[in-house]
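Novice: To start, I am sharing the structure in question, which I have written as structure tokens.
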Amino acid sequence: MTRLRMALHKGEELRYLSHLDYAQAVARMIRRSGLSMAYSEGFNPHMKISFSSALALGITAEAEYVDMDVLADVTVEEVKTLLLPVAPKGLEPLDGVILPDKVKKMMAICNYAIYEVRGSLADSIKGQVVDWTKALQSFNEAQTIEYEKVTPKKTRIIDVKHFVKDAIEAKQEGDEVVLTMGIGIYHEGTIKPGEVWNLGRTQFGWPISDGYVIHRKAILVEGEDGFRYSPLDSCVF
Amino acid sequence: MVTLDTRWLQHVQKPARYTGGEWNSVVKDHSQVDVTMAIAFPDVYEVAMSHLGIKILYSLVNERVDAAAERVFAPWVDMEEEMRNRKIPLFSLETKTPVKEFDLLGFTLQYELSYSNILNMLDLAGIPFYAKDRDMSYPLILAGGPCVYNIEPIADFFDVASIGESEEWLPEFIDLYKAEKAKGFPGGKLAFLRKAAQIPGTYIPALYKDTYTEDGDFKAVEPLYPDVPKTIQKRIVEDVEHVFYPTKPVVPYLDIVHDRAVLELFRGCTRGCRFCQAGMLYRPVRERTPKRLVSIAKEVIANTGYNEISLMSLSSADYSKLPELVDLLMDEFKDKQVSVSLPSLRIDSFSIDIAKKVQQVRKSGLTFAPEAGSQRLRDVINKGVTEENLLAACTNAFKSGWHTVKLYFMMGLPTETDEDIAGIADLAYKVLDLHRDITGKRNGKVTVSVSFFVPKSHTPYQWYGQQGLEEIHRKQQYLKSLINNRNISYHYHDGATGYMEAVFARGDRRLAPVLVKAWEKGCKFDGWSEYFHLDTWLEAFKDCGVDPDYYARRPRDFDEALPWDHIDDVVCKPYLVREWQRALNEELTNDCRRLPCNGCDVCPALDTAIIDYKEGGRVDKITYGLT
Ligand code: SF4
């Protein structure tokens, strides 16, 4: 048996897949490849694969990571070669590593994500070049930002800066802007990139309109040393 | 090409319904093909994608290098609103091309309650409803599927209807279209349609005129031109063994209604249940060999990555080589985690043995369809099943570890009395008691599902006046009062949808304006109970001065002309009349599959025969049509 961690794309074509849809598409791709996989026991056997996150519907990702148990001795290159011809557009295999026997669950260790949120400038300043350092200053320099997080189950107050520690950066392209934000995903919760966008727009006067498009640039493991590693980096296993 | 902006699209329900890009979907450059066709299903993605006919035609057309087929389904109400607000026309999933720009737009008509969605889709596409208002700059609107056998209520909206199985018809039609298109359609639309009418199995509503008696009864649908056939005989594929099979079906990303590989074992059913339109329309029975089926299954599984394969047919347990096929499939897939499922079970112990083999016991409940509660009424509908059969099947099932049984019944059948209704409750209790006797446990569950019978064209009940809604409501309550056990759950529909279905199932062309009116008043997704509004429909009828009871509830005479007489499913009328009389006499008619011919005329009229591999393939016996 070989345990592998593969990096797969979640491209524009798959943007509207929920996490479950995406997991199913991955499982079906693996089945088409002919790789013989380990399955769970029971009435309804499931392919043994697990993911680095539950990527929401509407979000694309540079890479999503999947751990898989292949019953044969295989190399990453062999797996890639088998998956590539049966991968739908937007779900291409990118890279991978062989894992040791025992690894921590990816969902438990992936605790930092970098998003690019794209949207239009507010109508009032279209055609102008915005001084983004200044526009983002009060948000970036704040020590704490209280935010009322509403979920279907409950509403509570969180500190946004607990999750968004690094400064948000902006890149204007014509009448559009891309905000790059790093967000912590912790035991106690997280904040969605769309929520940060709307918070900035409504409470910090960011000159942006309300529609946005989200792309996840990276999902990472922030170690106790404060450094961030890719899930493929052997020091995170 | 239509563009969909994530900024709003991500806020509609399940945007993946509208974005395509699934595995095995086919994207072609329209400038590189001669004919483009949009294949439409007037319901939402999850329902449409579950339909085998769509898979067949989509792949069949895309096999051709000179043609492109793309899919288009009914947008859900939230998406429709966005599209209307943003002036986005109805578009195809593959290339996001506005539907209006295709050469052909083919709808599959599966149920009458989807008709309002057809109009809604045409409207969204910017295409005029009535065929007479469309020249060749619009796509030709095609229809296929079971409802074309009485397409009259919506005939005025369609240019062409394909009667019967379309796998051989459609390529012939596309060939003609391609040739005429290359010549620039000399003589215009009418000339083209007259040529198309020469392809067997083609009904062109505009080439026929409907007439009525002075009393306002239907008189005839007759050809306007001498070269147009008086009646249109259905097409069938005689050689189902070698006919094209879609082994690369589109694999949806969303969870659809039937999300698995589909293996069609055979076509047709000769059991002869008198209420069943499919049983009459799809005759004769034509099986595929286990060898061919296994090779199809292997290809489909390899091409899709599905982990379940469903053995589909009108009555799959009747497949003559079922045990052999199941063994072959289980053997083929035993290390590949592919399960086999049997959607329709026959009520006998044999079926349970097969179900035991293929299904993990307890994985799901078992479903049986006795259809009627008493032996008398089951004889009336020719459901050749006895209480002993049912109890024997349940005994086997309970001994094998099942605890849940679902029973399907119909209400409103001809000759039905309250005693027959009480029989439904009786059967449910008997099954529940049986479970306790066998298992000694009290955790058995029986679900009783009762639908409202809709008399359909081309069946022995086509002359029968549907029972009134109040009567059905009374019977529903009566049955409810008889079921007082928390282990028996009782489900029924309001019945109003069944009433509207009955109107359109046996209507004529005078219903077209009513449908348009109902659509104007907001009717759509009528098959979804939350969107069905009987009051709105009744208003539309009233506004148009049309009486729905005239179509649904009026008993018809045998010698009365019927609006579907010119659409010939080749089951002869004398056979249907005799079946009606036998029903009243509570007489059973044998399954002609292995017993002698009953004289429905399908085999001799089509110069064909039943194909049954228990009998060695093509069954050569004397077949005839009653006169
Ligand atoms: S013609 Fe005879 S054998 Fe053929 S389907 Fe009809 S009843 Fe059966």
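Novice: Quantify how strongly other chains surround peptide B:297-309 by giving the mean number of their Cβ atoms within 10 Å of each of its Cβ atoms.
Specialist: The shielding value for this peptide is 3.
Novice: Under a 5 Å amide H to amide H cut-off, with H placed in plane at 1.01 Å, what residues pair with B:Val570 once short-range neighbours are removed?
Specialist: B:Lys234
Novice: Let me ask something else about it. P(r) for segment B:6-233: what percent of alpha-carbon pairs falls in each 10 Å bin, starting at zero?
Specialist: 7, 33, 37, 17, 5, 1
Novice: Ordered by residue, what ³J(HN,Hα) values in Hz, to whole numbers, does segment A:70-75 give under the Karplus form 6.51 cos²θ - 1.76 cosθ + 1.60, where θ = phi - 60° and Gly and Pro are x?
Specialist: Listing the rounded values in order: 9, 6, 9, 7, 9, 9 Hz.
Novice: Which of A:Leu84, B:Leu281 comes first, and how do the rest follow, when ranked by fewest Cβ neighbours within 10 Å?
Specialist: Details: A:Leu84 12, B:Leu281 25.
So the residues, fewest neighbours to most, are A:Leu84, B:Leu281.
Novice: What spacing in nm lies between the two simple spin-label points modelled at B:Thr231 and A:His19, each 7 Å away from Cα in the Cβ direction?
Specialist: Each label point lies 7 Å from its Cα, and together they span 6.2 nm.
Novice: Right, here's the next one. With every atom except the alpha carbons ignored, what do you get for Rg and Dmax of segment B:18-110, in angstroms?
Specialist: When restricted to Cα atoms, segment B:18-110 yields Rg and Dmax of 12.8, 37 Å.
Novice: Hey, another quick one. How much length is gained on full extension from B:Glu419 to B:Phe350, taking 0.36 nm per residue of separation minus their Cα-Cα distance?
Specialist: Here the answer is 21.8 nm.
Novice: Normalised by the number of residues in chain A, what is the relative contact order in percent for Cα pairs under 8 Å and 6+ residues apart?
Specialist: Averaging sequence separation for qualifying contacts and normalising by length gives 25 percent for chain A.
Novice: Counting other beta carbons within 10 Å of each Cβ, put A:Met181, A:Met37, A:Met107 in order, fewest first.
Specialist: Starting with the residue having the fewest Cβ neighbours, the order is A:Met107, A:Met37, A:Met181.
Novice: Same structure, new question: Can you find, among A:Ala7, A:Ile208, A:Gly223, the residue sitting farthest towards the positive end of the charge dipole of chain A, where Lys and Arg contribute +1 and Asp and Glu -1 at Cβ?
Specialist: A:Ala7
Novice: Additional query: Using 7 Å Cα-to-Cβ label points, what is the B:His533/A:Phe227 separation (nm, one decimal)?
Specialist: According to this spin-label approximation, the distance is 6.6 nm.
Novice: With 29 Å as the limit, write out which pairs from A:Lys80/A:Lys102; B:Lys181/B:Lys573; B:Lys14/B:Lys132; A:Lys217/B:Lys14 have Cα-Cα distances beyond it, or answer none.
Specialist: B:Lys181/B:Lys573; B:Lys14/B:Lys132
Novice: Percent relative contact order of segment B:6-233, based on C-alpha pairs within less than 8 angstrom and at least six residues apart?
Specialist: In percent, rounded to a whole number, it is 15.
Novice: Using a Cα distance threshold of under 29 Å, what count of lysine pairs results for segment B:213-309 when pairs must be 8 or more residues apart or interchain?
Specialist: Close lysine pairs found across segment B:213-309: 6.
Novice: Measure out, as a whole number of angstrom, how far apart the alpha-carbon centroids of segment A:123-185 and segment B:381-458 sit.
Specialist: 62
Novice: Follow-up. What order do you get for B:Leu325, A:Leu4 when you list them from fewest to most C-beta neighbours inside 10 Å?
Specialist: The order, fewest Cβ neighbours first, is A:Leu4, B:Leu325.
Novice: Further, regarding this structure: Taking the alpha-carbon centroid of each part, what is the distance from segment B:328-358 to segment B:527-565 in angstrom?
Specialist: Using only Cα atoms, the two centres lie 42 Å from each other.
Novice: I've got another one for you. Any aspartates and glutamates with Cα under 18 Å of the A:Lys126 Cα? List them, leaving off those in the same chain fewer than 8 positions away.
Specialist: A:Glu173, A:Asp175, A:Glu176, A:Asp210
Novice: Calculate, in nm to one decimal, what B:Asp620 and B:Glu586 gain on full extension: separation in residues at 0.36 nm each, minus their alpha carbon distance.
Specialist: 9.2 nm
Novice: Grab every C-alpha pair in the protein assembly as shown, bin the distances at 20 angstrom width from 0 up to the longest one, and report whole percents.
Specialist: Per 20 Å bin, starting at 0, the Cα pair percentages come out as 13, 40, 34, 12, 1.
Novice: For segment B:246-299, take every pair of Cα atoms, bin their distances at 10 Å starting from 0, and report each bin as a whole percent.
Specialist: Going out from 0 Å in 10 Å bins, segment B:246-299 shows 20, 34, 35, 11 percent.
Novice: Moving on. So what are the radius of gyration and Dmax for the Cα set of chain B, in Å?
Specialist: Gyration radius and largest Cα-Cα distance of chain B: 24.4, 78 Å.
Novice: Comparing A:Val129, A:Val150, A:Val66, which has the greatest mean-square fluctuation in the GNM of chain A with Cα pairs linked when under 10 Å apart?
Specialist: Largest GNM mean-square fluctuation: A:Val150.
Novice: While we're looking at this one, here's another question. Please report, in debye to the nearest 20, how large the charge dipole of chain B is about its Cα centre when each Lys and Arg carries +1 at its beta carbon and each Asp and Glu carries -1 there.
Specialist: Numbers: 77 positive and 91 negative charges, 296 e Å.
Magnitude of the dipole: close to 1420 debye.
Novice: 7 Å from Cα along Cα→Cβ at both A:Thr151 and B:Lys183: what's the point-to-point distance in nm?
Specialist: 6.9
Novice: Farthest toward the dipole's positive end in segment B:286-325, which of B:Ser316, B:Gly305, B:Thr289, given Cβ charges of +1 (Lys, Arg) and -1 (Asp, Glu) about the Cα centre?
Specialist: B:Thr289
Novice: In addition: Set the Förster distance to 25 Å, then compute FRET efficiency between B:Leu190 and B:Asp66 from the Cβ-Cβ distance, nearest 0.05.
Specialist: 0.50
Novice: Sticking with this structure for a sec: Need one number: convex hull volume per residue for segment A:2-107, Cα atoms only, in Å³.
Specialist: With only Cα atoms used, segment A:2-107 gives 97 Å³ per residue.
Novice: Angle, helix A:193-203 long axis vs. longest principal axis of chain A, Cα atoms, 0 to 90°, nearest 10?
Specialist: 10
Novice: Specify the angular offset, from 0 to 90 degrees and rounded to the nearest 10, of the alpha carbon long axis of helix A:132-141 from the longest principal axis of the alpha carbons in chain A.
Specialist: 80
Novice: Find the centroid of the Cα atoms in segment B:145-168 and in segment B:212-247, then give the distance between the two in whole Å.
Specialist: Between the Cα centre of segment B:145-168 and that of segment B:212-247, the gap is 8 Å.
Read-outs throughout are calculated quantities, based only on the coordinates presented, and are distinct from any laboratory measurement. Note that the structure is a prediction, hence the values are computed from the model and not measured. Every residue, glycine as well, gets a Cβ built from its backbone with ideal geometry; the counts of neighbours run over all protein chains shown.
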